[in-house]
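Take a look at the structure set out below.
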Amino acid sequence: MNAMFLAYAYLRYHWARSVILVIVAALILFVPMATQTLLSSSEKRLVARGEATPLLLGSRGSKLDLTMAALYFSDDRPDPVAMRDVETIWDSGLGMPIPVHTAFASSGFRIIGTSLDYFDFRDLHLAQGRDLAVLGEAVIGANVAKTLAKGLGDTLVSSPENLFDLDGVYPLEMPIVGVLEATNTPDDEAIFVDIKTAWVIQGIGHGHENVVTAADLSAGTPALANAAVVQYQRITPENIDSFHFHGSQDDFPTTAVIVVPNDRRSGTILKGRYLDAEGATQLVAPAGVIKGLVGRIFRIKALLDAVTAIIALAALAAIGLAVFLSYRLRAAEIATAIKLGARRGMVVRLLAAETMTLLVIATALAAAGGALLARNSDTWVAWLVSLGV
Amino acid sequence: MVDIDDLVFTYGSGGFQLRVPKLALARGERLAIVGPSGSGKTTLLNLIAGILTPDSGQILVDGAAVTGLGEAARRRLRASHIGFVFQDFALLDYLSARQNILYPYRITPALSLTPEVRARAQVLAAACGIGDKLDRHPAALSQGEKQRVAICRALVTQPKLILSDEATGNLDPDSKARILDLLFEQAAAAGAAVLAVTHDHELLPRFERVLDFAQYRQEAPV
């Protein structure tokens, strides 16, 4: 009890030194624990998203790019596939295709052109507003709403992809008609529109003033379509009928197609149909791709663990040195205590009480940090994953 | 209070030896030990306190043969019978003056910290003129105040013997006399003898007896 009293008095009086030692010790304990928790959560999150997406159809090329673009809405740009591939899946009767068009962004968040099936497939629910109903409307993820401070009735403008692309990709103003509940998945970071809206942004579909007016017709002026014709940058009830698409929808692009087979057998049959290495498309199982990625991450984790262990050892040595120097500085105090009748064991107990007090506080601090991290790891990992893509 | 017979202590290095054929300190007596540096004055205090053990001879403190006691018994004797006052005060910077006075009770099971002890510490501090400074840390005390705290710490265990090692060495001339008088006054009130090592010859008239220690140091036989 007396040792604890003296230890507490010493630590309190030299509070700055005590705080530094506690923080350093707490960090040594916390960092490996935090790394483990975050990596474990990341693994679960990555694999869960992959396993929740049975098959993914895309152009032949990097499976990882395709998976990252379609599942995590990354900046990767796999070559698009044509909508006829979506129709092929429908026609096969083996599964449900959900197109995912991820080529554009607005205010730093990816615009996902898709069908309403996507919301059912991902089990996304509206926190406010309604589903997409009309061309040009947007439903936004929870983090988009929070970060941009946007809600129902506000608008978003798509970012022009290339200022010199005169063929299209004009900014389109999109009214927000719904805000999704948070899911701690990349869907929180997405702006969902109907895939036709994505094609409007791409310039495949557009609306503009009539090229031939009633006055032209009466005056017999020939039709003239050039840059003087005003293109609409906002879809309104008044101009929606003027929007139209040029060409066949079968040729229109989508980044990838999520394929939900009717059953295991249908999935196997579908996979077999896309095995041709010479084919323009591929059907991949995202879970396998993600597990490969996670395997790589965990090989890096082993390296990270080694680095953490080395840093922890160095920090422990530094703490040991600080404690040793502290004891050396207190040699006079120890000598006094012995002269006044203390046994050496009492001195050791006093120093041990100080060290243990520091370690207990540091452990409590690290444990509190660990508990906080464990409770919020899903949210933080989702945020970290969204930063990394 | 202290009886020394044929004491011999050889220093580990340097080839010198301390020889004290006979030395006695009566109860309540005030004895000053003077002598050049290195003559063994502080060594004698450590031998009496049982911190060092002699090669031969006998030391009795309050009738107990220190030289015949084991380590634990010597510690108990030291804690319960002897009070120390040091030149550098040896106060702990992280404890208040009150806790510095009570420090002996924190470090040895031979002493029990009771409400009576706390009250005694308060009375001692008031008698030494630091009653209103008990919650201050040493850094907030003057040199004289620090030594008063050290005197209170030496007396709070009600020892029969005070060993003072240059207790006034770090004080200004005015404070020296005041602190020594205070030490004598409080020791007398507690019935304790004072054995003081000092270099300060101006203070010697205040002692009842003065012993020159130069005669006790000699070369050790090869």
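Might you let me know whether the range A:79-92 holds any residue that is within 16 Å of A:Ile140 (Cα to Cα) and buried (at least 20 other Cβ atoms within 10 Å of the Cβ)?
No: the range A:79-92 contains no residue that is within 16 Å of A:Ile140 (Cα to Cα) and buried (at least 20 other Cβ atoms within 10 Å of the Cβ).
Residues to consider are A:Tyr8, A:Tyr13; find the one that is free of Cβ contacts under 8 Å to residues at least 24 places away in the same chain, within 14 Å of chain B (Cβ to nearest Cβ) and of a type in the set (Ser, Thr, Tyr).
A:Tyr13
Select from the range B:113-139 the residues that are in contact with a Leu (Cβ under 9 Å, 6 or more places away or on another chain), within 11 Å of another protein chain (Cβ to nearest Cβ) and assigned to a helix (DSSP H, G or I) and list them in ascending order.
B:Pro138
From A:Arg45, A:Arg110, A:Arg49, grab the single residue that is among the basic types (Lys, Arg), under 20 Å from A:Asp187 (Cα atoms) and part of a strand (DSSP E or B).
A:Arg110
Would you mention how many residues in the range B:67-82 are outside any helix (DSSP H, G or I) and at the interface with chain A (Cβ under 9 Å from one of its Cβ atoms)?
1
Conditions (1) buried (at least 17 other Cβ atoms within 10 Å of the Cβ); (2) in contact (Cβ under 8 Å) with a residue 12 or more places away in the chain; (3) over 19 Å from the mean Cα position of the chain (by Cα), marked per residue:
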residue	(1), (2), (3)
B:Asp5	no, yes, yes
B:Thr10	no, yes, yes
B:Pro21	no, yes, yes
B:Leu25	yes, yes, no
B:Leu31	yes, yes, no
B:Thr43	yes, yes, no
B:Ile59	yes, yes, no
B:Tyr94	yes, yes, yes
B:Leu102	yes, yes, no
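Just checking, which of A:Ile310, A:Ile290 is part of a helix (DSSP H, G or I), loosely packed, with under 15 Cβ neighbours inside 10 Å and at pLDDT 85 or above?
So the residue among A:Ile310, A:Ile290 that is part of a helix (DSSP H, G or I), loosely packed, with under 15 Cβ neighbours inside 10 Å and at pLDDT 85 or above is A:Ile310.
Can you tell me which residues in the range A:78-94 are farther than 14 Å from A:Tyr274 by Cα and either outside any helix (DSSP H, G or I) or not assigned by TED's automatic domain parsing to the domain that holds A:Ser159 (or both)?
Those that are farther than 14 Å from A:Tyr274 by Cα and either outside any helix (DSSP H, G or I) or not assigned by TED's automatic domain parsing to the domain that holds A:Ser159 (or both): A:Pro78, A:Asp79, A:Pro80, A:Ala82, A:Gly93.
I'm trying to understand the selection: among the residues of the range A:326-349, which are within 8 Å of chain B (Cβ to nearest Cβ), part of a helix (DSSP H, G or I) and not hydrophobic (A, V, I, L, M, F, W, C)?
A:Glu333, A:Thr336, A:Lys339
Would you check which residues across the range B:102-112 are modelled with pLDDT of 90 or more and either facing another protein chain (nearest Cβ under 8 Å) or at positive phi (or both) and list them?
Listed by number, the residues that qualify are B:Tyr103, B:Pro104, B:Tyr105, B:Arg106.
The values are calculated or read from the model by the stated rules, or taken from the named source; none is laboratory data. Since this is a predicted model, take the numbers as computed values, not measurements. Virtual Cβ from ideal backbone geometry, glycine too; neighbours counted across all protein chains shown.
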